[in-house]
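The values are calculated or read from the model by the stated rules, or taken from the named source; none is laboratory data. The structure displayed is predicted, hence computed values, not measured ones. Ideal geometry is used to build each Cβ from the backbone, glycine not excepted, and the neighbour counts take in all protein chains shown.
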Amino acid sequence: MTDHADIAAAERHFGAIRSALDGLDVFLSNEDSSPDKRDLVAQTVAQYLQRLKASFECWRNRLGFAERFRISKADSGFPVFQNVLELENDKKDAKERLAAILPAEALRSEMADFILRNRDFPRDLQRSMAERIYLETVNKGEVFSPFLLPETIGVSVNPKTMRPVYIVHWASFDGAANLPLIYLATIEDSSEDMVNTLVDKDGKLNSSVKIPLPVGGLLNPNLARSFDDFAARNSAYSLSPITIATSLDQDFPELHPKQLRRVVLGPFYTAGITEHNQKVADVLESIRRPEDAWLLTWTLQEVFSTAEKPGKRGLFSSEPSREEFHINTDDLEASRQGVSHYEQHALVPHEAYQALYASGEAEGIFTGFETHILSNGQVISGV
């Protein structure tokens, strides 16, 4: 985006998506909307949501001096992957670039002097201020990168198998679909050294081993780097959860993935910007306030193992154990997604929902979705 109309459109988009992400934050923190089985998912998504918010703040400030920002209008409604890559590249030299820009207080003082002397607006100084604010945020490193490394957030023991169980999450921004993806896996580890270290004689977690959670990477140090590499190679949106879980099961004989969940954030729809659903676009255009003219969707996908096929050891050959993953073949959409279970969610401001309902389009648009309405800072679910 380079001209003033495009910049104004980007600003509208930023305002709408900020409202949407704030609304999603409210939803995730609402106990009523997060049953016990999804508490961990909500906590994990909330963590990455803060990174996504930080990225949007960076992009908004970047527009003040770079005047270039592209949105995936016809598909996801999120920024195109190039914006994510530019953010990642700017992280590398943020400190050096900051050192070359005047401190914020000095810039403010010069801006005030310029206005008094010239009776004009100091655009060059404003661009320097926008760049400084942008680089300061980027330099913190808490943005949504193209790939965010795995992190172990939970450890327990399966009393039946006497193996340690890890809960691991990671995330990626898919370059083809332009969608943020969040992964959460429950994995058993049959590595002899980890079993001996983490499991006591009573089949419980060894209390003498102090584990300062969260731990960067997989808890097993011998497999941590290769697991990072696997996650980086196998986090594309084009790969179904069953494909990823099966590959993990096959690539790591010692690791036994019992459950893999993926949260796909988006698509996002906003008035005057996105073009991927004309019915939604037409209704959103009629809404008075741009910050209320949006619709955010997300999908929770899950694949789980129903049994573990024992390995075989023979004189001349052996086979490792394999997970038997469940695919819900009774549900055509579950089969298409390659999952045991899925949930589709939609979050919409009250004014936008009323407009969609009045237009007669609400039922068709929200069929199959758990709909959540954002009203006065609260989220009402089960509509």
- [ ] Quickly run through segment 44-100 and pick out the residues that are acidic (Asp, Glu), part of a loop (DSSP other than H, G, I, E, B) and under 20 Å from Ala176 (Cα atoms).
- [x] Asp75
Open item on the list: I'd like the residue in segment 112-159 that is more than 22 Å from the chain's Cα centre (by Cα) and under 30 Å from Val209 (Cβ atoms) and, out of all such residues, is surrounded by the fewest Cβ atoms within 10 Å (Cβ to Cβ).
Closed with: Pro159
- [ ] Please indicate, with yes or no, whether at least one residue in segment 285-295 is over 30 Å from Glu192 (Cα atoms), modelled with pLDDT under 85, of a type in the set (Asp, Glu) and within 23 Å of the chain's Cα centre (by Cα).
- [x] yes
Open item on the list: Tell me which strands (runs of 3 or more DSSP E) are completely within segment 216-334 and hold 2 or more residues being surrounded by fewer than 13 Cβ atoms within 10 Å (Cβ to Cβ) and not aliphatic (A, V, I, L, M), or say none if there are none.
Closed with: 294-309
Open item on the list: Need pairs with beta-carbon distance below 6 Å; first residue without any contact (Cβ under 8 Å) to a residue 40 or more places away in the chain and within segment 51-65, second assigned to a helix (DSSP H, G or I); sequence gap 6+ or separate chains.
Closed with: Lys53/Leu21
TODO: Would you please name the residue that is nearest to His169 (Cα to Cα), looking only at residues in segment 188-215 that are out of contact with any Lys or Arg (no Cβ under 9 Å at 6 or more places or on another chain) and in a strand (DSSP E or B)?
DONE: Val215
- [ ] Filter segment 351-383 down to residues that are surrounded by 14 or more Cβ atoms within 10 Å (Cβ to Cβ) and assigned to a helix (DSSP H, G or I), then give me how many there are.
- [x] 10
Open item on the list: Within segment 129-155, take every residue that is of a type in the set (A, V, I, L, M) and either assigned to a helix (DSSP H, G or I) or at pLDDT below 90 (or both) and give me the one that is farthest from Phe78 (Cα to Cα).
Closed with: Met129
Task: Residues satisfying the stated conditions in segment 178-211, i.e. under 15 Å from Phe252 (Cβ atoms) and loosely packed, with under 13 Cβ neighbours inside 10 Å - done: Glu192, Asp193
TODO: Can you work out which of the residues in segment 330-357 that are hydrophobic (A, V, I, L, M, F, W, C) and free of Cβ contacts under 8 Å to residues at least 24 places away in the same chain is farthest from Leu239 (Cα to Cα)?
DONE: Leu332
Task: Options Ser359, Ser321, Ser317; residue that is touching a Gly at 6+ places or on another chain (Cβ under 6 Å) and modelled with pLDDT under 95 - done: Ser321
Open item on the list: Against the condition acidic (Asp, Glu), modelled with pLDDT under 95 and within 27 Å of the chain's Cα centre (by Cα), how does Asp330 come out, does it pass?
Closed with: no
Open item on the list: Residue under question is Arg108, and the condition is that it be out of contact with any helix residue (DSSP H, G or I) (no Cβ under 9 Å at 6 or more places or on another chain) and either loosely packed, with under 14 Cβ neighbours inside 10 Å or free of Cβ contacts under 8 Å to residues at least 24 places away in the same chain (or both); does it hold?
Closed with: no
- [ ] From Glu319, Glu254, grab the single residue that is in contact (Cβ under 8 Å) with a residue 12 or more places away in the chain, farther than 20 Å from Leu40 by Cβ and among the charged types (D, E, K, R).
- [x] Glu254
TODO: Examine segment 158-166 for a residue that is modelled with pLDDT under 90 and of a type in the set (Lys, Arg), and state whether such a residue exists.
DONE: no
Task: So Ala9, is it of a type in the set (A, V, I, L, M, F, W, C), modelled with pLDDT under 85 and assigned to a helix (DSSP H, G or I) - done: yes
